[in-house]
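The values are calculated or read from the model by the stated rules, or taken from the named source; none is laboratory data. Since we're looking at a predicted model, the values are computed, not measured. Note that we place each Cβ from the backbone using ideal geometry, even for glycine, and neighbour counts take in every protein chain shown.
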Amino acid sequence: MPERAAPLQISGIDPEPLTLAGLVTGGAALLLFVSEECPTCALTMRNLGPLCGAWQQAGMSCTAIFEDPLDVAIRTARRCGWTGHVAAQAPPYQTSRDYGLISVPSAFLIDGSGAIQGQVTGWDQAALGRLVEHASALTAGALRPVPPAQPPTKPGCSSKAALDPELAAAIDAPAAGDELEEMFERGWTDGLPVVPPTTERVDKMLSGRDGAALLGSVPPAMGELTLARLAACAVLAGCRPEYFPVVVAAAQAALDPAFNLHGQAVTTQPAGQLVVVNGPVRHRLNMNTGMGALGPGNRANLTIGRALRLMVTLTGGAMPGTLDRSTLGHMGKVGFCIAEDEEVSPWEPLSVERGFAASQDVVTLIGCDAPQSISDHRSRTPEDLAWTLAWAAASTWSTNWWPLTEPSVFVICPEHAAMFREHGWSKQRLREFMFAAVRRPARELRRGETTPLVHQSDPAAEIRKWSSPEAIVLLVAGGAAGRYSAVLGPCTGMGYQIVSAEVEPR
Amino acid sequence: MTAGYVSPFDDRVNPDQPLAPRPASLAGLSVTLLDIRKNRGAEFLDRIEVLLRDAGASTHRAVKEIFSRPAALDLVDDVATHSHAVVEALAD
């Protein structure tokens, strides 16, 4: 008389509990007990995983039951190509105990009545093949056989349920005090060390906000962004809790469909997402608008931009080399945040240009390439300086791809800005001068890849670098001394718009 | 152990789905040629279309609004409803 299978005390991805009765409705269920640390478990999942889809269609459900946390289970299963159900159990691994597990992997075949029809321990290709043959008699459809694999057999590892409680607790403890290494093991990083997002730190970041509140789905993997997950990204990035409203506004702007984060996240271009901060919040957070404004040194500037990028990389699944296909990338993809120096600027801040009051705290998102420095210490007229700034952008994106329709961002340093102030140049005048300055005959642009407009135009027709003055964004920031401005080339082909969002009022 | 940490991941993201079954022959099948609007993608599809017709398939052309956004659901539904197979011209 076959032994009855014990009820399952496991948790899966779906809110509905995984029950034995539910898993055997097709006639058979394969339960594969595994552990993340066990190489034989990985081998078994890799060999059987691709078959699970067909087996489940034929009537045998397949469930990998991990002796690990659910998030670890899901990532491990995905890495091993396991296409069946994924479940986890918490210490003291009661389901493993109920099934009398000594080692993992252990496979159990359960029939439609809930009786155990067979068990295989370790990786044993022949024995697993026989188990699946047996299962074929229980299901309506025939099951694809287990294909030959090397090695034919491999012993597994001890089940955590078989360890004494003290040893099991030691194994499950967070990396023996080395939490930073554990973050790397979990993949909760952009490649740099992070601050572990403990419940306490995330609660402080939320500061009483509802962590379950939903902000949307983050492309490209469309991970659901709760406020708690965003707070976890902010903690990982190193943000202080008072930065969080700015991070939230940046996330809201990034998730606006008009920004097309999907395209920006997966493109082979290098572009990152520049966060521009305007308003009094810059001072409340001690953001750097001055010396080294685009570089290292200021916690708020660096961590706000990094929190947004961690949201894209982790919650959104755009890790370089997986869904992020950027050929080279650039360091701004670690974090890219600038606070405008509104006090030094001769012009209205970017946020005011975009319809907000100067008293409002606003973030604005722009897709941007890495900064290219523009040195000019000798110009004595605003025309000369504007010409130099504009022509520095001539080779951004491509030497021949004219005109650019997406925004190019110029960060004007205070000494350069002072020249325009002294001569009464408005922002719009500078923008229109720069737009008009950079133009070349179509024949000179007909090299390699160029635009349809260049191809279609008369060879002598003048083609401009930008499609309109509005494709030029002007910001002011940087140290008081030194005549170095910068241009940040565009993210093109995305059909996106610059998006601004107000920071939640205090 | 997860207790004590808040994950930045949405762990409900599903694993990869298995590929659809591949047809043994193209003869008599309706094949959609999807132009995602990458530079010169249409030229590539023109050539593929000739080969598909030579193989006995009927062809249908569809165009995405822009290459850098996911296809509209209406377009996906239309392709799934009216085609046995689809060829996507991915890049320039």
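Structure summary
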read-out	value
Restricting segment A:310-362 to residues that are hydroxyl-bearing (Ser, Thr, Tyr), surrounded by fewer than 21 Cβ atoms within 10 Å (Cβ to Cβ) and within 14 Å of another protein chain (Cβ to nearest Cβ), the residue that is farthest from A:GLY238 (Cα to Cα)	A:THR327
Residue match in segment A:437-445 (condition: within 14 Å of another protein chain (Cβ to nearest Cβ) and out of contact with any Ser or Thr (no Cβ under 7 Å at 6 or more places or on another chain))	no
Scan of segment A:230-243 for residues that are crowded, with 24+ Cβ neighbours inside 10 Å and closer than 10 Å to A:LYS204 by Cα, ordered by number	A:ALA231, A:VAL235
Number of positions in segment A:216-230 that are facing chain B (nearest Cβ under 7 Å) and within 20 Å of A:VAL195 (Cβ to Cβ)	2
Enumeration of residues in segment A:488-500 that are buried (at least 22 other Cβ atoms within 10 Å of the Cβ) and of a type in the set (A, V, I, L, M, F, W, C)	A:LEU488, A:CYS491, A:MET494
For A:ASP369: the one exception among (1) free of Cβ contacts under 8 Å to residues at least 24 places away in the same chain; (2) within 30 Å of A:PRO452 (Cβ to Cβ); (3) charged (D, E, K, R)	(1)
Criterion (at pLDDT below 95 and more than 13 Å from chain B (Cβ to nearest Cβ)) met by exactly one of A:SER136, A:SER106	A:SER136
Considering residues of segment A:69-86 that are facing chain B (nearest Cβ under 7 Å) and among the β-branched types (Val, Ile, Thr) only, the residue farthest from A:ARG46 (Cα to Cα)	A:ILE74
Number of positions in segment B:8-53 that are in contact (Cβ under 8 Å) with a residue 24 or more places away in the chain, within 9 Å of another protein chain (Cβ to nearest Cβ) and exposed (fewer than 11 other Cβ atoms within 10 Å of the Cβ)	0
Selection status of B:LEU33, assigned to a strand (DSSP E or B), under 13 Å from the mean Cα position of the chain (by Cα) and not small (Gly, Ala, Ser)	yes
Total residues in segment A:1-40, condition in a loop (DSSP other than H, G, I, E, B), in contact (Cβ under 8 Å) with a residue 40 or more places away in the chain and not hydrophobic (A, V, I, L, M, F, W, C)	10
Subset of segment A:256-278 [surrounded by fewer than 19 Cβ atoms within 10 Å (Cβ to Cβ) and small (Gly, Ala, Ser)]	A:ALA258
Sole residue being crowded, with 21+ Cβ neighbours inside 10 Å, farther than 21 Å from A:ALA271 by Cβ and at pLDDT 95 or above, chosen from A:LEU430, A:LEU475, A:LEU404	A:LEU430
Residue in segment A:441-462 that is under 25 Å from A:ILE374 (Cβ atoms), β-branched (Val, Ile, Thr) and in contact (Cβ under 8 Å) with a residue 60 or more places away in the chain present	no
Search result, residues across segment A:114-146 that are in contact (Cβ under 8 Å) with a residue 40 or more places away in the chain and part of a loop (DSSP other than H, G, I, E, B)	A:GLY114, A:GLY122, A:LEU138, A:THR139, A:ALA140, A:GLY141, A:ALA142, A:LEU143, A:ARG144, A:VAL146
Only one of A:VAL246, A:VAL281 that is hydrophobic (A, V, I, L, M, F, W, C), touching a residue at least 40 places away in the same chain (Cβ under 8 Å) and either closer than 21 Å to A:GLY216 by Cα or surrounded by fewer than 20 Cβ atoms within 10 Å (Cβ to Cβ) (or both)	A:VAL246
Residue that is nearest to the other protein chains (Cβ to nearest Cβ) [pool: residues in segment A:476-497 that are within 18 Å of A:LEU294 (Cβ to Cβ) and part of a loop (DSSP other than H, G, I, E, B)]	A:CYS491
Helices (runs of 4 or more DSSP H) fully within segment A:403-461 counting 1 or more residues that are on the phi > 0 side of the Ramachandran plot	none
Candidates A:ALA161, A:ALA73, filtered to the one that is buried (at least 16 other Cβ atoms within 10 Å of the Cβ), assigned to a helix (DSSP H, G or I), without any contact (Cβ under 8 Å) to a residue 60 or more places away in the chain and in the same structural domain as A:PHE33 (by TED's automatic domain parsing)	A:ALA73
The lone exception for A:THR199 - which of (1) touching a residue at least 12 places away in the same chain (Cβ under 8 Å); (2) hydroxyl-bearing (Ser, Thr, Tyr); (3) within 13 Å of another protein chain (Cβ to nearest Cβ) it fails	(1)
Conditions (1) under 24 Å from A:THR451 (Cβ atoms); (2) in contact with a helix residue (DSSP H, G or I) (Cβ under 8 Å, 6 or more places away or on another chain); (3) of a type in the set (A, V, I, L, M, F, W, C); number of the one not met by A:VAL334	(1)
Residues that are within 10 Å of chain B (Cβ to nearest Cβ) and touching a Pro at 6+ places or on another chain (Cβ under 8 Å), drawn from segment A:87-98	A:ALA88, A:ALA90
Leading residue by the ranking (surrounded by the fewest Cβ atoms within 10 Å (Cβ to Cβ)) among those in segment A:50-68 that are in contact with a Ser or Thr (Cβ under 6 Å, 6 or more places away or on another chain) and more than 9 Å from chain B (Cβ to nearest Cβ)	A:ALA58
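Okay, residues lined up against (1) more than 26 Å from A:VAL72 (Cβ to Cβ); (2) at pLDDT below 95:
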| site | (1), (2) |
| --- | --- |
| A:GLY238 | no, no |
| A:TYR243 | yes, no |
| A:LEU255 | yes, no |
| A:THR268 | yes, yes |
| A:MET287 | yes, no |
| A:GLY292 | yes, no |
| A:LEU310 | no, no |
